[in-house]
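Working notes for the structure below.
The values are calculated or read from the model by the stated rules, or taken from the named source; none is laboratory data. None of these values were measured; they are calculated from a predicted model. Neighbour counts are summed over all protein chains in view; Cβ atoms, including those assigned to glycine, are modelled from backbone coordinates with ideal geometry.
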Amino acid sequence: MIFTGYVKTNNKKVFRVSARIIWFSSLFMGILASVPKILQLHIRGIELVVDASIAFLFSLFVWYFNIYSLPKFSNQQITTRFFNRRLSSSLFLGIMLMLILVAVHQALFPYYHFQSMTLMYEFRGVLINLTIYMFLYLLYQSYSAQLMGFEMDRIKTDNLGAQYELLKQQVNPHFLFNSLTTLKSMVDIGDEHVADFIVKLADFYRFSLESRKMDIIPLSEELDILNAYLYLLKARFEDGIQITFKISNQHLSSYIPPFTLQLLVENCIKHNVVSLEQPLNIALYSEGEMLVITNQLQLKKTPESSTGVGLENINQRYLHLLHKKVDVVADGTSFKVYLPVIYDYTHH
């Protein structure tokens, strides 16, 4: 890896380059700069090493100067322009450093006449400076683009998570509204099962509070919720509503967003006539990789006002969890909803 990770400074992620890259590239620069010396026939090994050390030390300085100019160590705003004050400073300090390196090497090794080749070393230093700066510039621009992409993905994920939480929070108010409407109707007609209905409603809400923070639950638990809800419906409609189950054992071990089936049954009751004279038959069964809930269409002459929560809520939750839509098929005689089966909890 060229940049090996992120370093946290003041709770921010910043850019860094592997020390191995810096040292190996500086060594390579030193060897490359000494190629003209290597081509000479009578060059001594010590002179070659000394000559390469100048470019090596100079490359190390250029690397660390430019890295320490980045936000990790400096408050200076990084510009996207290639030619800027940081490059000018690097070139100027590089020229000064090369003069010092040549002078020091001349003093340590007076027999090699480094001072007579000062212009050549300066030209070499400018090329090394520009090469390293350009490489670091491109690397930092790539890092900035990646960081922006990661941030956009994080924002998108947070936004989806927030939307999904809102979807889950819509379920209970929607159910409460319908339950209280049912309770009012039972009170109006003096139904003797009102007390039992209130007890079951309290039990249902206790279960609701326990599972509302969960994204998905086992289908077997969802069926328990549905059976509890059916008791509440039977208290009002008696035999006016019938539900049959034919679910494969494989699907019983799958998962489902909580209250999905309850919302779908609510949707059936809301839009269709439910009475002893005209019972509403609902079927829940497995079909391939889908869980299907269907009812015959016997639409009310005066439809109830819709809050728009039911089917759209379920569809959005499946989009969030599986990136799959819920299929709805209405053929004039029946209404079917196809729910994708969720097998693996760890995917969510």
Legend entry - Which numbered condition ASN178 misses (of (1) farther than 30 Å from PHE207 by Cβ; (2) at pLDDT below 75): (1)
Inset, instruction - Please specify each residue of region 224-255 satisfying the condition of being modelled with pLDDT of 90 or more and crowded, with 17+ Cβ neighbours inside 10 Å. - result: GLY240, ILE241, ILE243, HIS251, SER254, TYR255
Inset, instruction - Hey, can you tell me all the residues within region 267-293 that are closer than 18 Å to TYR229 by Cβ and touching a helix residue (DSSP H, G or I) at 6+ places or on another chain (Cβ under 9 Å)? - result: ASN267, ILE269, LYS270, VAL274, PRO279, LEU280, ILE282, LEU284, LEU291, ILE293
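Table: residues versus (1) in contact with a Phe, Trp or Tyr (Cβ under 6 Å, 6 or more places away or on another chain); (2) modelled with pLDDT under 75; (3) buried (at least 16 other Cβ atoms within 10 Å of the Cβ).
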position: LYS37; (1), (2), (3): no, yes, no
position: ILE43; (1), (2), (3): no, yes, no
position: GLU47; (1), (2), (3): yes, yes, yes
position: ALA52; (1), (2), (3): no, no, yes
position: SER59; (1), (2), (3): no, no, yes
position: ILE67; (1), (2), (3): no, no, yes
position: PHE73; (1), (2), (3): no, yes, no
Inset, instruction - Of the numbered conditions (1) within 22 Å of GLU222 (Cα to Cα); (2) at pLDDT 85 or above, ALA330 fails exactly one; give the number of that condition. - result: (1)
Legend entry - Top-ranked residue of region 192-221 - restricted to ones that are in contact with a Phe, Trp or Tyr (Cβ under 9 Å, 6 or more places away or on another chain) and closer than 28 Å to LEU276 by Cβ, ranked as modelled with the lowest pLDDT: PHE204
Inset, instruction - Test LYS156 against the criterion of being outside any helix (DSSP H, G or I), of a type in the set (Lys, Arg), at pLDDT below 80 and surrounded by fewer than 15 Cβ atoms within 10 Å (Cβ to Cβ), and give yes or no. - result: no
Inset, instruction - Could you check how many residues of region 233-262 are of a type in the set (S, T, N, Q) and either assigned to a strand (DSSP E or B) or closer than 16 Å to TYR318 by Cβ (or both)? - result: 5
Legend entry - Count of residues meeting criterion [touching a helix residue (DSSP H, G or I) at 6+ places or on another chain (Cβ under 7 Å), under 20 Å from GLU266 (Cβ atoms) and modelled with pLDDT of 75 or more] in region 300-324: 6
Legend entry - Lone unmet requirement of (1) modelled with pLDDT under 80; (2) in a helix (DSSP H, G or I) for ILE22: (1)
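Here's the yes/no breakdown for (1) under 25 Å from GLN316 (Cα atoms); (2) assigned to a helix (DSSP H, G or I); (3) more than 34 Å from the chain's Cα centre (by Cα):
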{"position": "ASP191", "(1), (2), (3)": "no, no, yes"}
{"position": "GLU221", "(1), (2), (3)": "yes, yes, no"}
{"position": "TYR231", "(1), (2), (3)": "no, yes, yes"}
{"position": "LEU264", "(1), (2), (3)": "yes, yes, no"}
{"position": "ASN267", "(1), (2), (3)": "yes, yes, no"}
{"position": "VAL274", "(1), (2), (3)": "no, no, yes"}
Inset, instruction - Can you tell me which residue within region 311-340, out of those that are of a type in the set (Val, Ile, Thr) and surrounded by fewer than 17 Cβ atoms within 10 Å (Cβ to Cβ), is nearest to VAL273 (Cα to Cα)? - result: THR333
